[in-house]
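The values are calculated or read from the model by the stated rules, or taken from the named source; none is laboratory data. Fair warning: this is a prediction, and the values are worked out from it, not measured in the lab. Virtual Cβ from ideal backbone geometry, glycine too; neighbours counted across all protein chains shown. We work out accessible area using only protein heavy atoms, side chains counted, and drop any ligands, DNA or RNA first. Shrake-Rupley method; radii C 1.70, N 1.55, O 1.52, S 1.80 Å.
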Amino acid sequence: MYSIGIDIGGTSIKGIISADNGYRSEIVRIPTEATYGGIRILDNIIRVIEHLMQRVDSSIKISGIGIGSPGFIDMDGTVLGGAGNLPGWEGIQIYTPLHQKFGIPVTASNDVTVMALAEYCYGAARGANNCVCIALGTGVGGGLIINGQIHGGTHGMAGEIGHISVDTNGRECNCGQRGCLEQYAAAPSIVAIAKAECEKEKNYHSTAFAKRVIDSPDSVTAKLVYEYVADGDPVACNVNEIICEKLARGIGIVANIIAPDRFVLGGGVMMSGDIIIDTVKRYVSRYCWRSIYERFDIRAAELGEDAGVLGAAALAMRGIQ
Ligand SMILES: [Zn+2]
């Protein structure tokens, strides 16, 4: 059985044809052109699907289309919002035009939910029937697999782990809450915390990291912070402790509710290596009921950037079983 997986990102739309016999096509990628609005995004999804279909033998029957999208997708395929990087995408009805065009079932879900499904089917969450994926990137997203099924909640909004408050007096979030996990563990937040910590050191230029951040603050990235963490710079390491302690609180709260077998941490921030997982593990037991804590593990995502298209294709495959 063949299906198409589509991954909508802020800069590009990617697509793949995947089959349950292990076949995977090359990934097709075109610009999202998000600034032209939601209808243009939809047109570009259609272009990716047409490109993919041209690449396979016409005798191959595609059984469904799966889509991973930023934001929330209601059960009828309407984008409910939450996709800040795709202006004009909110309110777009996805299923009807694609179904009319291609005549096959269409299923869409949140991009991190789709990533969770990919890791469950092919990656770091294989065999973990209850698992939680957390994507640490420009924001912090979450995806839930419960009893081997994705759990989106009634309106696709379940798993908003990034907006769990992990510090009631903490950093203000643009969602209106205070101390959201996203304000600590997203890449821009890591940079902001690093700058604030280095500011405390300003008079001393006490470490190479503090000097680097104070001398050229505009070029600081989360990746740079973790290069200094890997080198053992004490100020950078302190930033890592702050971030991972908050991340551990978020994980502990979710663990107490879901009691999963596994957490999978992915996204661009995790490209910096296993140091985040190692540090988080030191803190999680503080924030989680012991009997639950003893029964899950925390691993790094395995599929990287391909998780989106593979999970979307798996989503389509499940929709038609
Ligand atoms: Zn928030």
Computed E for A208/E26 - FRET, C-beta separation, R0 45 angstrom, nearest 0.05: 0.55
Translational diffusion of the chain, µm² s⁻¹ [Kirkwood Rh, Cα pairs; Stokes-Einstein; 25 °C; 0.890 mPa s]: 121 µm²/s
Anchor K281: aspartates and glutamates whose Cα lies under 12 Å away (excluding residues fewer than 8 positions away in-chain): E241, E245, E294, D297
Selection of chymotrypsin sites (Phe, Trp or Tyr not before Pro), region 20-93, meeting DSSP coil and at most 12 other Cβ within 10 Å: Y23
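Which residues make up the longest stretch of the chain that has no GluC sites (Glu not before Pro) in a DSSP loop with at most 14 other Cβ atoms within 10 Å? Provide the component values of the computation, followed by the final result.
Values: sites that count: E26, E33, E294.
That would be 34-293.
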Share antiparallel - DSSP beta bridges, the chain, percent rounded to 5: 55 percent
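When only C-alpha pairs under 8 Å and at least 6 residues apart count, what is the relative contact order of the chain, in percent?
On the way: 703 pairs, mean separation 67.4, N = 321.
Once divided by the residue count of the chain, the mean separation gives 21 percent.
Could you give the accessible area per residue of the chain, probe 1.4 Å, as a whole number in Å²?
Numbers: 14170 Å² over 321 residues.
Normalised by residue count, the accessible surface of the chain is 44 Å².
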Proximal aspartates and glutamates to K211, defined as alpha-carbon separation beneath 16 angstrom and excluding residues fewer than eight positions away on the same chain: E197, E199, E201, E227, D231, D233
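Just the projected area, averaged over all directions, of the convex hull on the alpha carbon atoms of region 127-301: how many nm²?
That works out to 10.3 nm².
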Centre separation in Å (Cα based) which lies between region 251-321 and region 53-108: 26 Å
Helix-only [θ]222 nm of the chain, DSSP H runs n ≥ 4, -39500 (n - 2.57) each, per residue, nearest 500: -12000 deg cm²/dmol
Whole-angstrom gap from region 33-52 to region 162-196, using each part's C-alpha centre: 33 Å
Region 281-295 - phi-based ³J(HN,Hα) in whole Hz, Karplus 6.51/-1.76/1.60, Gly and Pro as x: 4, 5, 9, 4, 4, 5, 10, 9, 4, 4, 5, 6, 3, 6, 10
Helix 111-122 axis, angle to the chain major axis (alpha carbon atoms, nearest 10°): 80 degrees
Those lysines that a straight Cα-Cα span of less than 27 Å connects to K101, excepting residues fewer than 8 apart in one chain: K14, K61
Rough spin-label spacing in nm, given labels placed 7 Å along Cα→Cβ, for S12 and N129: 3.8 nm
Percent RCO, i.e. relative contact order, over region 127-301, from Cα pairs under 8 Å lying at least 6 residues apart: 24 percent
